[in-house]
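These notes are about the structure you will find just below.
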Amino acid sequence: MKFQTAVARWAHILSAGWVFLLALLIIADVVGRTLFLHPIAGTKEILQNSVIAVTFLQLPLAILTGSMLRTTALVDALGPRSRMMMRCFAWTLGALLFAAIAYASLPAAFAAVRLGEYEGEGAMRIYTWPVRFLLIVTSALAALAYLSTMIADLRGGGEDTPYSTVRN
């Protein structure tokens, strides 16, 4: 679990750095448009692919820390054992969802490599395969994070406390 948490933290740090670089790119593009009447080529394509990458890089740590969006309207009305069952059901669904995303994305990622798929025209072409494979890897990590969280909660005896598996 420690290795998984370390990988999730590094992915989160990478996404934060990526967002910072995107902010600099946006500022440079706006300045270029305003002052020099010349935008930075490919800004739209870079941003388009980066939003997906940044979002998926943050998933594993969000899952491991219990920071994923959830509602407790139904769970609050249940007893401790039923709450545990609901949490396990939710984690199983989350693991299945992200495993399915990873599995379903494999053919498109390999096709993107084979075809040399890219976005953008003219001066800037952004290849799509790196983001496609990043989506697969981070989805697989998210599925593992859900399973790890469920196992940690089951080993903890199903206490009715916050179930974060990552302690600061």
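The values are calculated or read from the model by the stated rules, or taken from the named source; none is laboratory data. Predicted model, so just to flag it, every value in this text is computed and none were measured. Every residue, glycine among them, receives a Cβ derived from its backbone with ideal geometry; neighbour counts consider all protein chains shown.
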**OP:** Within segment 39-91, count every residue that is surrounded by 17 or more Cβ atoms within 10 Å (Cβ to Cβ), more than 20 Å from the chain's Cα centre (by Cα) and in a helix (DSSP H, G or I).
**Re:** 4
Subject >> Near pairs, Cβ below 9 angstrom, 6+ apart or cross-chain, from segment 87-98 (of a type in the set (Lys, Arg)) to any residue that is part of a helix (DSSP H, G or I) and modelled with pLDDT under 90 >> reply: Arg87/Val75; Arg87/Asp153
Original post:
Which one of these is among the β-branched types (Val, Ile, Thr), modelled with pLDDT of 95 or more and under 20 Å from Thr149 (Cα atoms): Thr72, Thr92, Thr65?
Top reply: Thr92
Original post:
All but one of (1) among the hydrophobic types (A, V, I, L, M, F, W, C); (2) at pLDDT 90 or above; (3) surrounded by 12 or more Cβ atoms within 10 Å (Cβ to Cβ); (4) over 17 Å from the mean Cα position of the chain (by Cα) hold for Met124; which doesn't?
Top reply: (2)
**OP:** Please work out if Gly66 is farther than 18 Å from Glu119 by Cβ, in contact (Cβ under 8 Å) with a residue 12 or more places away in the chain and either out of contact with any Lys or Arg (no Cβ under 7 Å at 6 or more places or on another chain) or not β-branched (Val, Ile, Thr) (or both).
**Re:** yes
Original post:
Looking at Thr34, is it in a helix (DSSP H, G or I) and under 17 Å from Leu57 (Cβ atoms)?
Top reply: no
Original post:
Here is a list of conditions, (1) within 24 Å of Ala102 (Cβ to Cβ); (2) at pLDDT 95 or above; (3) among the aliphatic types (A, V, I, L, M), and Ala28 meets all of them except one; can you say which number that is?
Top reply: (1)
